[in-house]
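Structure first, commentary second.
The values are calculated or read from the model by the stated rules, or taken from the named source; none is laboratory data. Remember, predicted model here, so these are calculated numbers, not experimental data. Positions of Cβ are generated from backbone atoms using ideal geometry, with glycine treated the same way; all protein chains shown enter the neighbour counts. The area values use the complete protein model at the heavy-atom level, side chains included, leaving out ligands, DNA and RNA. Shrake-Rupley method; radii C 1.70, N 1.55, O 1.52, S 1.80 Å.
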Amino acid sequence: ANPACSGIEGVLEAYHRSLRSVQLYGPTNFAPVVNYVARSAAEVLDGSQYFVLLIITDGVISDMAQTKEAIVNVS
C-alpha cells in the first residue's frame, strides 16, 4: 500500500516482507511498473528523494522488448 522506504535498510526490509506475501506467477509484464515508478520519480523535482526499483523475476518476462524500451527511456 505504501511503497516508500527509508534508506537501504528500508529497501531490504520491504524486500524481505514482500517475499513472505507475494506469489510469483505469469504473465510477467514489467514495462507498466517501470513507467509507473518513473512517473512517480519525475514528480520529485528538488532531488530530496531517490527511487529504487527492484525487479524480481523467474527469468520469464512476457514483455521483454517493452521492458527494455521503458528502462532505456527512463534512464
Checklist outcome for this item: Just one listed residue, out of GLY10, GLY59, is free of Cβ contacts under 8 Å to residues at least 12 places away in the same chain and part of a loop (DSSP other than H, G, I, E, B), and it is GLY59
Checklist entry - Within the group ALA65, ALA31, which residue is touching an Asp or Glu at 6+ places or on another chain (Cβ under 6 Å), of a type in the set (A, V, I, L, M, F, W, C) and more than 16 Å from CYS5 (Cβ to Cβ)? => result ALA31
Checklist outcome for this item: Filtering segment 28-55 down to residues that are of a type in the set (Val, Ile, Thr) and either in contact (Cβ under 8 Å) with a residue 40 or more places away in the chain or in contact with a Lys or Arg (Cβ under 7 Å, 6 or more places away or on another chain) (or both) yields VAL34, VAL52
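Return the only residue of ASN2, ASN73 being open to solvent by 70 Å² or more (accessible area, probe 1.4 Å) and in contact with a helix residue (DSSP H, G or I) (Cβ under 9 Å, 6 or more places away or on another chain). Steps first, please.
Values: ASN2 fails: in contact with a helix residue (DSSP H, G or I) (Cβ under 9 Å, 6 or more places away or on another chain).
Within the list ASN2, ASN73, the selection yields ASN73.
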Next on the checklist: With loosely packed, with under 12 Cβ neighbours inside 10 Å, of a type outside the set (Asp, Glu), over 15 Å from the mean Cα position of the chain (by Cα) and not in a helix (DSSP H, G or I) as the only criterion, which of LEU24, LEU45 stands out?
Outcome noted: LEU45
